[in-house]
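The structure appears right after this line, and notes come after that.
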């Protein structure tokens with residue numbers, strides 16, 4: 001049976017329908033026995049659904065501009081240091 005670390009490594013392949021039969025069985029057994037795994041899968045599914053529904057939607061400038069400042073060559077594993085004005089959100 002998969003542990004949580006192996007589960008996370010297989011998540012993308014699971015969502016894409018690319019797990020072989022034996023790994024699929026192990027993956028789904030893990031989902032049945034682990035509340036955290038069920039939550040991760042459900043969150044991932046909802047995120048994909050929201051993304052599909054939002055295609056063509058405009059992202060507000062106050063959200064998109066800070067992300068545009070992140071260099072394209074930054075690795076996902078590298079911490080990003082944002083300046084203090086990157087998310088200058090006004091409080092109501």
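The values are calculated or read from the model by the stated rules, or taken from the named source; none is laboratory data. The shown structure was predicted, so the numbers you read here are calculated from the model rather than taken from an experiment. Heads up, the Cβs are rebuilt from the backbone with ideal geometry, glycines too, and the neighbour counts pull from every protein chain shown.
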Seminar exercise, completed: The one condition residue 78 fails out of (1) surrounded by 11 or more Cβ atoms within 10 Å (Cβ to Cβ); (2) within 17 Å of the chain's Cα centre (by Cα); (3) at pLDDT below 90 is (1)
For this session: Go through the stretch 7-29 residue by residue and tally those that are over 18 Å from residue 48 (Cβ atoms) and in contact (Cβ under 8 Å) with a residue 12 or more places away in the chain.
Result: 3
Exercise. Quick one: which of 38, 62 is surrounded by 10 or more Cβ atoms within 10 Å (Cβ to Cβ), more than 30 Å from residue 3 (Cα to Cα) and at pLDDT 65 or above?
Worked result: 62
Exercise. So which residues in the stretch 21-35 are farther than 11 Å from residue 7 by Cα and out of contact with any helix residue (DSSP H, G or I) (no Cβ under 9 Å at 6 or more places or on another chain), if there are any at all?
Worked result: 21, 22, 25, 33, 35
